[in-house]
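Asker: Structure provided below as structure tokens; questions to follow.
The values are calculated or read from the model by the stated rules, or taken from the named source; none is laboratory data. Computed from a prediction, not measured in an experiment: that's the story for all the values here. Don't worry about glycine lacking a Cβ; one is built from the backbone with ideal geometry, like all the others, and counts go over all protein chains shown. Accessible surface areas use protein heavy atoms only, side chains included; no ligands, DNA or RNA. Shrake-Rupley method; radii C 1.70, N 1.55, O 1.52, S 1.80 Å.
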Amino acid sequence: DFDDDVSLHDVKRDAKMYHFADLGRGMNSGRDIRKFFYEPDVSTFKHQGRLVTLVTIGSGYRAHPRNDQVQDAFFVLYDENATNIPETIPSALRVTRDLVEAGKDFTANGKKGWYKLLNNRAEKVLSSPLVFMNKVMFTTFSLTDTPVVTGDTDSCTSQTNNLSRAYALDLMTGAATVD
């Protein structure tokens with residue numbers, strides 16, 4: 001039993017769903033080939049006095065670790081419709097049209113986020129990202145053709161074709177915060 005003074009939100013009237021991003025296409029092809037295996041991190045924060053949402057996600061076809069047909073990447077997407085319903089439905093974010101390469105402040109460029117191409121063609125994002133203290137952190141995995149030697153002459157050494165990386169990037173620019 002509800003008070004007459006309490007107004008509930010009408011989901012049919014107060015919410016809209018729309019296609020937010022189209023990131024699956026390869027950079028130079030119209031084919032939908034980029035795969036996403038891990039859930040995004042979705043966070044909200046205040047930017048220039050407004051509540052906004054950031055969606056962070058990385059790509060990588062984990063089932064085929066040597067697949068290098070597409071350059072996998074990490075994405076940070078900015079949604080300024082976190083608390084309002086847009087008058088017109090915005091078009092889906094596209095990499096080359098709406099995002100800047102990592103290292104540039106996307107808000108200064110009027111863009112809606114950034115992307116970072118992974119270091120080698122077969123590098124894949126290995127986990128869900130974590131956003132914390134204006135940084136985004138994630139791990140990647142790749143297989144190399146030549147073995148990587150770990151350790152030095154004073155320690156145990158090993159050879160492996162597996163290469164893992166941990167990234168800690170500035171949330172607004174994609175610049176490295178830890179080397």
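Asker: If the only charges are +1 at each Lys and Arg Cβ and -1 at each Asp and Glu Cβ, what is the size of the charge dipole of the range 41-102 around the Cα centre, to the nearest 20 debye?
Answerer: So the dipole magnitude of the range 41-102 works out to roughly 80 debye.
Asker: Mean separation of Cα pairs under 8 Å and 6+ residues apart, divided by the residue count of the range 73-179: what relative contact order is that in percent?
Answerer: Result for the range 73-179 is 24 percent.
Asker: Follow-up. Could you rank M17, M133, M172 by how accessible they are, 1.4 Å probe, largest area first?
Answerer: I get M17, M133, M172, largest accessible area first.
Asker: So, for the range 17-109, what is the accessible surface per residue at a probe of 1.4 Å, expressed in square angstrom?
Answerer: On the way: 5390 Å² over 93 residues.
Roughly 58 Å² per residue, with all protein chains present.
Asker: Follow-up. Give the Cα extents of the range 13-133 along the principal axes, in whole Å, largest first.
Answerer: That works out to 45, 31, 25 Å along the principal axes.
Asker: When the dipole is taken about the Cα centre of the range 61-179, and only Lys, Arg (+1) and Asp, Glu (-1) are charged at their Cβ, what size is it in debye, to the nearest 20?
Answerer: Result for the range 61-179 is approximately 300 debye, rounded to the nearest 20.
Asker: Leaving ligands and nucleic acids out of the surface, order F36, F106 by accessible area at 1.4 Å, largest first.
Answerer: Numbers: F36 75, F106 0 Å².
Listed by decreasing accessible area, they come as F36, F106.
Asker: Quantify, in whole percent, the carbon and sulfur part of the accessible surface of the range 102-156 (1.4 Å probe; protein heavy atoms only).
Answerer: Looking at the range 102-156 in its full context, I get 56 percent from C and S.
Asker: A further question on this structure: Extending each Cα 7 Å along its Cβ direction at A175 and D68, get the distance between those two points in nm, one decimal.
Answerer: According to this spin-label approximation, the distance is 3.1 nm.
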